[in-house]
1. Count, please, the residues in segment 248-283 that happen to be among the polar types (S, T, N, Q) and exposed (fewer than 14 other Cβ atoms within 10 Å of the Cβ).
2. Please go through segment 86-95 and pick out each residue that is of a type in the set (A, V, I, L, M, F, W, C) and more than 20 Å from the chain's Cα centre (by Cα).
3. How many residues does segment 165-212 contain that are out of contact with any His (no Cβ under 9 Å at 6 or more places or on another chain) and hydroxyl-bearing (Ser, Thr, Tyr)?
4. Collect the residues in segment 1-13 that are more than 15 Å from residue 231 (Cα to Cα) and not polar (S, T, N, Q), keeping them in residue-number order.
5. Would a scan of segment 67-77 turn up a residue that is within 18 Å of residue 198 (Cβ to Cβ) and part of a strand (DSSP E or B)?
6. So how many residues does segment 101-129 have that are within 21 Å of residue 277 (Cβ to Cβ) and free of Cβ contacts under 8 Å to residues at least 40 places away in the same chain?
7. Looking at 183, 228, which one is under 30 Å from residue 289 (Cβ atoms), within 23 Å of the chain's Cα centre (by Cα) and not aliphatic (A, V, I, L, M)?
8. Any residue at all in segment 47-61 that's more than 22 Å from the chain's Cα centre (by Cα) and under 30 Å from residue 14 (Cα atoms)?
Amino acid sequence: MQILLIGAGLSGAVIGRRLAEAGHSCRIVDSRNHIGGNCHTERDAETGVMMHVYGPHIFHTDDEEVWNYVNGFTEFLPFQNRVKAQARGGVYSLPINLLTINQFFGKTMRPEEAKAFIAAQADTSITDPQTFEEQALRFVGRDLYEAFFKGYTEKQWGCSPTELPASILKRLPVRFNYDDNYFFHRFQGMPRDGYTPMIEAILDHPGITVELSTPYAAEMAAKADHVFWSGPLDGYFDYALGRLGYRTLDFERFTYQGDYQGCAVMNYGDRDVPYTRITEHKHFSPWETHEQSVCYREYSRAATPEDIPYYPIRLVEEKALLADYVAKATATERVTFVGRLGTYRYLDMDVTIREALDTADAFMNCLADGRPVPAFMSSPL
């Protein structure tokens, strides 16, 4: 079959590779001038540092098949994200762990003592947390909430934590030991040469053609037997019902001679610091040595039509509009919506790859069984 895939990020690359290996002809188009989507990495010309151009992407998963898949296309080296946070004049370890608690409260508690101490800080009058703020107050109390969550969240989401659902803070990351590894998955690492060469390797198949700097045009679909759309869901319909809400990021790049902050990620919890964090990119490749450093200050704001969409907002108004777009998409033939933008969900890289592999397999199963291919393999709702 002639398959058209919109977007040369992880979703398009993985689906394209799977289908090309099965004998289909895959044409991938992307409006950007590079592959990889927001995972794109490149060497900084000034310093030689491997840059995560659209902000850091750290690979972590419990899915052994996905881990083996990415390692089949590049070499992953060990990397653990050890985030630090500045708040109220101090530097602390994140996620909140026993060191954070003891530092913050000036204590020397053991794990059981710290558990009892935090339990006493918690607002037990909140029995069914409905908002982000209630969720935090219920489980860690006001002091830790205001130092590490409140200001950061206001900057990240542009609204009060009282307006955000408790589900955003699904699991409060608090550990009663000294483990400061930000993630808890079995497999964690970084591609030695960056993500872009990995995606190049995935796309390196005679059944795949890639066209960059090529915006989608409706006549492309007319020449295809099926379309996989990883662009914005509302964008496919020319925003006919309105625009789904996103947060975007502005990056303020600066260089430094030496080591600027001693870690890859430093969060800033205080509300009067306008940026959410500083990332120092040479620390994402600790096997390399660089005299100079490149850092990004990250500022979060509401996305405009001209911006790159990063985080779907998914509050009440957006979910209502999303339901309307899902209904519209479901009535569309020969198109499957995939990935972070196509399903209006925040997806980690491993989940994106897992869903892409499953989507390609489900597509081929539909063909084999003579069933129609659904618009969504993973429901956005």
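1. Looking only at that region, the number is 2.
2. Selection gives 87, 91.
3. Of the residues in that region, 3 qualify.
4. 1, 3
5. The answer is yes, given that some residue of segment 67-77 is within 18 Å of residue 198 (Cβ to Cβ) and part of a strand (DSSP E or B).
6. 1
7. The conditions single out 183.
8. Yes: segment 47-61 contains one or more residues that are more than 22 Å from the chain's Cα centre (by Cα) and under 30 Å from residue 14 (Cα atoms).
The values are calculated or read from the model by the stated rules, or taken from the named source; none is laboratory data. Note that the structure is a prediction, hence the values are computed from the model and not measured. Neighbour counts are summed over all protein chains in view; Cβ atoms, including those assigned to glycine, are modelled from backbone coordinates with ideal geometry.
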